[in-house]
1. Would you tally the residues in the range 68-105 being in a helix (DSSP H, G or I) and under 23 Å from L30 (Cβ atoms)?
2. Name the one entry in T58, T8 that is crowded, with 20+ Cβ neighbours inside 10 Å and on the phi < 0 side of the Ramachandran plot.
3. Would it be correct to say that F219 is buried (at least 16 other Cβ atoms within 10 Å of the Cβ), of a type in the set (F, W, Y) and either in contact with a Pro (Cβ under 8 Å, 6 or more places away or on another chain) or in a helix (DSSP H, G or I) (or both)?
4. Being over 11 Å from the mean Cα position of the chain (by Cα), farther than 13 Å from M231 by Cβ, among the hydrophobic types (A, V, I, L, M, F, W, C) and not in a loop (DSSP other than H, G, I, E, B), is that true of even one residue in the range 172-181?
5. Would you mind telling me which numbered condition in (1) within 15 Å of the chain's Cα centre (by Cα); (2) among the small types (G, A, S); (3) modelled with pLDDT under 95 S157 fails?
6. Of these, E49, E100, which one is in contact (Cβ under 8 Å) with a residue 60 or more places away in the chain and surrounded by fewer than 19 Cβ atoms within 10 Å (Cβ to Cβ)?
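The values are calculated or read from the model by the stated rules, or taken from the named source; none is laboratory data. Keep in mind that this is a model prediction, so the values were computed, not measured. Neighbour counts run over all protein chains shown; Cβ positions are idealised from the backbone, glycine included.
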Amino acid sequence: MAVINNDTQISKIEKELDQARSMLMNPMILNPFARDFSLRFCWSSNAIEGNTLDLEETVSVIEYDEVKSGHTYTEYQEAKNLYRAICEQMIPFQKRQITEQWIKAANGLILGRKNDYRTNPVYIGTLVEAVYYPPEAEKVPGLMEDFVRENSAWENSLTDCPVKVVLQKIAEFHMQFEQIHPFQDGNGRAGRMILNQQLINQGLIPLCIGPRGKYRQAFRQYEKNQDLSLMVYTLCKGELDSIQLIQDLTANYNGK
């Protein structure tokens, strides 16, 4: 049984999505939205992984190369790397085929070096969370080939698919990717780039996932009983936040 009923949020997305997409056709709305998304996604996606830079500090290092004491060189480099990955792989927002090459390139930019699938065993979790052991390294190439093929078949088969079905499937793909855990590092950030490209490919709006929401809980809920409702809730919230930002930008532009 689903933990959360997302029908109200999904109905709101369906009601407001077409107008938001129309607003984004104006470069005076699209450009500031893309800039905000790039910076906010960079901050939030790194924060989920434990990076302690706040949004203002992330903006400062990316746009002005300004740093403050209290943070490591690695944290600042993570911000620069992820921002580069977003700008090179996702901006401007347009449909792109999600291939293994695209995924590896994204992960390589995130880590700041050319990268391939992991060759060593890894585990996910801590003493306060359940430890999950991803598939053995030798299985990763085949699993990723299946992942990309299944996603391509799904995207190519869609015709006027309801938002609810799209979000449910993207949530499922995200769980699948993170369970494969194909890289030694950077899997979470790469996975959130993939789900955003999937949203763009299906005509939805890219979104940011906050570091203090239900995102981590969604994984535990799925591992417990295959319930995707918390992950769908997280995607819904991000989508509605993006729509609200577009509406705010449009109101400011019209009222200038």
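1. 9
2. T58
3. So F219 passes the test.
4. Scanning the range 172-181 turns up at least one residue that is over 11 Å from the mean Cα position of the chain (by Cα), farther than 13 Å from M231 by Cβ, among the hydrophobic types (A, V, I, L, M, F, W, C) and not in a loop (DSSP other than H, G, I, E, B).
5. The one condition S157 does not meet is (1).
6. Of E49, E100, the one residue that is in contact (Cβ under 8 Å) with a residue 60 or more places away in the chain and surrounded by fewer than 19 Cβ atoms within 10 Å (Cβ to Cβ) is E49.
Per-residue answers, yes or no, for (1) at pLDDT 95 or above; (2) surrounded by 19 or more Cβ atoms within 10 Å (Cβ to Cβ); (3) touching a strand residue (DSSP E or B) at 6+ places or on another chain (Cβ under 6 Å); (4) under 21 Å from L17 (Cβ atoms):
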site: K139; (1), (2), (3), (4): yes, no, no, no
site: H174; (1), (2), (3), (4): yes, yes, no, yes
site: I205; (1), (2), (3), (4): yes, yes, no, yes
site: C208; (1), (2), (3), (4): yes, yes, no, yes
site: P211; (1), (2), (3), (4): no, no, no, no
site: S229; (1), (2), (3), (4): yes, yes, no, yes
site: V232; (1), (2), (3), (4): yes, yes, no, yes
